[in-house]
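Notes follow once the structure below has been shown.
The values are calculated or read from the model by the stated rules, or taken from the named source; none is laboratory data. The structure presented is a predicted model; accordingly, all values stated were derived computationally and were not measured. In this analysis, Cβ positions are derived from the backbone assuming ideal geometry, glycine residues included, and neighbour counts consider all displayed protein chains.
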Amino acid sequence: MNDHSNAIDVRGLTKRFGKKTAVNGIDIAVPEGQVWGFLGPNGSGKTTTIRMLCGLLHADAGEGTCLGYNFRTQVEQIKRQTGYMTQKFSFWEDLSIRENLDFVARVYGLPDRRRLVDETLEKLGLEQRQSQLAGELSGGWKQRLALAACTLHSPKLLLLDEPTAGVDPKARRDFWDEIHTLSGEHGITVLVSTHYMDEAERCDRIVYISVGNIVARGTVPDIIAHSGLITFTVEGEDARQLAPKLRGHPGVVFIAFFGAMLHVSGYDRALLEQALAPYRNDPNLTIRETAPSLEDVFIQLQENNGGART
Amino acid sequence: MNDRFSLSRVFAMLGKEFIQMRRDRLTLAMLVGIPLMQLILFGYAINMVPRHLATVVSISDPGPFSDSIVAALKNSSFFDIVKATNSPAVAHRMLDEGTASFAVTIPPNFSRDLVRGAKPDLLVEADATDPAAGAYAIGAIPTLVSSALRNDLKGPLAARAYPAAPVNVVVHQLYNPENITRYNIVPGLLGMILTMTMVMVTSIALTRERERGTYENLLAMPMRPTEIMIGKITPNIFIGAFQSALILTVARFVFHVPMIGSLSLLAAAGMIYIAALLAVGYTFSTVAQNQMQAMQMTFFFFLPSIMLSGFIFPFRGMPEWAQWIGEVLPITHFLRVVRGILLKGNGFIEIWPDTWPMILFLFVVGAIAVLRFRRTLD
């Protein structure tokens, strides 16, 4: 066995579907106990990567370990210590909440099953509704049930595939508090894919993948700093009308709306200044340079890499 | 390493499957409803030897002989005499109108010719728009008539009794002398209903998990393919056994199908047959991407099963290539086994030639099912 400093340590991970390369030789090393965010446009290969890591897809190339086990040959051992939460709710909607938890506990052969399920129901606050069918739960509750079910066997590694898609902000916040508790108190390593910037900002590190390749990685400030992006904000009543006029101007790489505010970004400060110069004197507009936000950086990454949208 | 085959995981899977089955009321109702509906349809509604066919007799020569013939026709239960007339025209009109399916005409001078030994004609006209409907009834007439007249031709006329029907067509129906369709159909239904429900229910086993996205979850857990398969298949064995018991009970007490042979031998053969069908269903379920495809595959298997097995058409009447396909299908052999055991009282030695092909089928298809099962989502 390897030293346990990295919960996930894979190199050259590759997956092809026919002629299409979904994941193109990526390296990921996640130290134990950290929470990593996995970002990228739809169809960029996030789900495929996660599925390869937990043995659901056979990798065409690549080597390395998950939890110290060879991820290609010791899939069974990895499965026992990994919790995987799928993008779509994948527990049994025609089983009750309790029956779902009970089934999971039986499959993992967990001792003292009844007590464990009771405790989990209590922790979830679902004791009163334990005999309700899982399919009748709302999106937020389904997500909480899924998280509880896939951590029932106290895994060391948690792979979460867009766990908060379609869940309200309060439930998302609670979910992330739970993730940080799991990682902080139980030392669980988490790899979570998401499209939400606020969630990405709660991660220790971010990996950005586009068309099967990792195009950026690091902490949030690192990624922003390395983007080389210069951003001006334009505020004011008529800010929105400015967008079509600025678009296509040399030096303006992209324009994004943030509410009533406009983010105008590029790589060359002089050219950007030049583009904005005609509007500097407009009394209705306030133009100033700011630090690019993570979202600006991601839009840039997506545009630069022609990220596949499906 | 405790990732070897685990009985407790099988039980976990079984528990889940039984709960899900219990919740799926519609499917459960269908599994009971299909056998009952088919039994009633085939047992009652569809009668391949129609009886009580409306018949008109046109008698141009009344007398004791014609009385005997009419009485014999009536007693045979093939014919219901709806009208007796002395006008052939009336009889024809009734045939035209469809108020009678048969017209039996006793010509003038019938008695005289009969007594003289001149072999008078007895005209039987049948409405042949549905040729199958009257075939058995027509076949029965010569025998009915000659045996009826035999009673009348006594004393000095006794010499006429036998030459009256010099060529006696002997139709000797073994095992089912009265040609009761349901003796043949009801045991056949056992094979057909099991083919339909077993393959259908099993073919959606994995497909449903795949379609609902729960398959991914199942695979992410430490479950082995054999554990999943046993967990998925076992509840269906119970269903199959239950359906068989239901069909046989109705066959025995409602349709009075004779059961001469050993029921435990039938149960053993039935188990092999059910296992072979489950293997087919499970193979489909490893291939089908959604439940619609699973249904289509089921029907792809079901159609030759009913057409080429001898259930609908007499097996020996089919072209040779069709017989070869029929021989591969487990239902063909199972039908022979069921009819053999129930109607002929066959034992193990007699049914073995039709048992080993089912076992062979089970192992070949079962191997395909296990090989096709993928442990990944690839």
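Tell me the residue from A:D94, A:D102, A:D118 that is of a type in the set (D, E), away from chain B (no Cβ under 11 Å) and surrounded by 15 or more Cβ atoms within 10 Å (Cβ to Cβ), please. Break it down into steps so the answer makes sense when it comes.
Numbers: A:D94 fails: away from chain B (no Cβ under 11 Å); A:D102 fails: away from chain B (no Cβ under 11 Å).
From the options A:D94, A:D102, A:D118, the qualifying one is A:D118.
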Top-ranked residue in segment B:318-360 [being surrounded by 21 or more Cβ atoms within 10 Å (Cβ to Cβ) and among the small types (G, A, S); ranked as nearest to the chain's Cα centre (by Cα)]: B:G340
Please go through segment A:75-110 and give me each residue that is touching a residue at least 60 places away in the same chain (Cβ under 8 Å) and in a loop (DSSP other than H, G, I, E, B), ordered by number. A:Q81, A:T86, A:Q87
Breaking point among (1) in contact with a Leu (Cβ under 9 Å, 6 or more places away or on another chain); (2) more than 30 Å from B:F311 (Cα to Cα); (3) modelled with pLDDT of 80 or more, for B:N109: (1)
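For residues in segment A:79-89 being at the interface with chain B (Cβ under 7 Å from one of its Cβ atoms) and crowded, with 22+ Cβ neighbours inside 10 Å, which is farthest from B:A220 (Cα to Cα)?
Just the residues of segment A:79-89 that are at the interface with chain B (Cβ under 7 Å from one of its Cβ atoms), to begin with: A:79-80, A:84, A:86, A:88.
When the remaining residues are screened for being crowded, with 22+ Cβ neighbours inside 10 Å, the result is A:79, A:84, A:86.
Working: A:K79: 6, A:Y84: 7, A:T86: 10 Å.
It comes out as A:T86.
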Assess whether B:G155 counts as being on the phi > 0 side of the Ramachandran plot, at pLDDT 85 or above and surrounded by fewer than 18 Cβ atoms within 10 Å (Cβ to Cβ). no
Mind listing whichever residues of segment B:212-240 are away from chain A (no Cβ under 11 Å) and more than 19 Å from the chain's Cα centre (by Cα)? B:P225, B:T226, B:M229, B:I230, B:K232, B:I233, B:T234, B:P235, B:N236, B:I237, B:F238, B:I239
Of all helices (runs of 4 or more DSSP H) fully inside segment B:56-145, the set with 1 or more residues that are hydroxyl-bearing (S, T, Y) is B:64-75, B:110-116
Among residues belonging to segment A:270-310 that are surrounded by fewer than 18 Cβ atoms within 10 Å (Cβ to Cβ) and of a type in the set (S, T, N, Q), point out the one that is modelled with the lowest pLDDT. A:T310
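For B:A54, state whether it is in contact with a Gly (Cβ under 9 Å, 6 or more places away or on another chain) and closer than 30 Å to B:V124 by Cα. Steps first, answer last, please.
Numbers: in contact with a Gly (Cβ under 9 Å, 6 or more places away or on another chain): yes; closer than 30 Å to B:V124 by Cα: yes.
So B:A54 passes the test.
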B:R22 passes all but one of the listed conditions (1) away from every other protein chain (no Cβ under 14 Å); (2) surrounded by fewer than 16 Cβ atoms within 10 Å (Cβ to Cβ); (3) closer than 30 Å to B:T249 by Cβ; the exception is number (1)
B:M297 more than 30 Å from A:Y108 (Cβ to Cβ), over 21 Å from the mean Cα position of the chain (by Cα) and free of Cβ contacts under 8 Å to residues at least 40 places away in the same chain: no
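Is it true that A:G139 is in contact (Cβ under 8 Å) with a residue 24 or more places away in the chain and surrounded by fewer than 22 Cβ atoms within 10 Å (Cβ to Cβ)?
Values: in contact (Cβ under 8 Å) with a residue 24 or more places away in the chain: yes; surrounded by fewer than 22 Cβ atoms within 10 Å (Cβ to Cβ): yes.
So A:G139 fits the description; yes.
Here is a check on your reading of the model: is A:H180 assigned to a loop (DSSP other than H, G, I, E, B) and surrounded by fewer than 18 Cβ atoms within 10 Å (Cβ to Cβ)?
Numbers: assigned to a loop (DSSP other than H, G, I, E, B): no; surrounded by fewer than 18 Cβ atoms within 10 Å (Cβ to Cβ): yes.
Against the criterion (assigned to a loop (DSSP other than H, G, I, E, B) and surrounded by fewer than 18 Cβ atoms within 10 Å (Cβ to Cβ)), A:H180 does not qualify.
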All positions within segment B:250-275 that are exposed (fewer than 15 other Cβ atoms within 10 Å of the Cβ), modelled with pLDDT under 90 and assigned to a helix (DSSP H, G or I): B:F253
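Any idea which residue in segment B:2-19 is farthest from the other protein chains (Cβ to nearest Cβ), counting only those that are among the hydrophobic types (A, V, I, L, M, F, W, C) and surrounded by fewer than 14 Cβ atoms within 10 Å (Cβ to Cβ)?
Taking the candidates together, the pick is B:F5.
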Only one residue in B:I331, B:I312 is at negative phi and in a helix (DSSP H, G or I), so which one is that? B:I331
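Residue by residue, here is whether (1) of a type in the set (S, T, Y); (2) under 16 Å from A:T290 (Cα atoms); (3) in a strand (DSSP E or B) holds:
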site	(1), (2), (3)
A:I224	no, yes, no
A:G228	no, yes, no
A:T231	yes, yes, yes
A:Q241	no, no, no
A:P244	no, no, no
A:V252	no, yes, no
A:F257	no, yes, yes
Step by step: first the residues of segment A:24-78, then only those that are touching a Phe, Trp or Tyr at 6+ places or on another chain (Cβ under 7 Å), away from chain B (no Cβ under 14 Å) and not aliphatic (A, V, I, L, M), then the one that is nearest to B:P222 (Cα to Cα). Which residue is that? A:T65
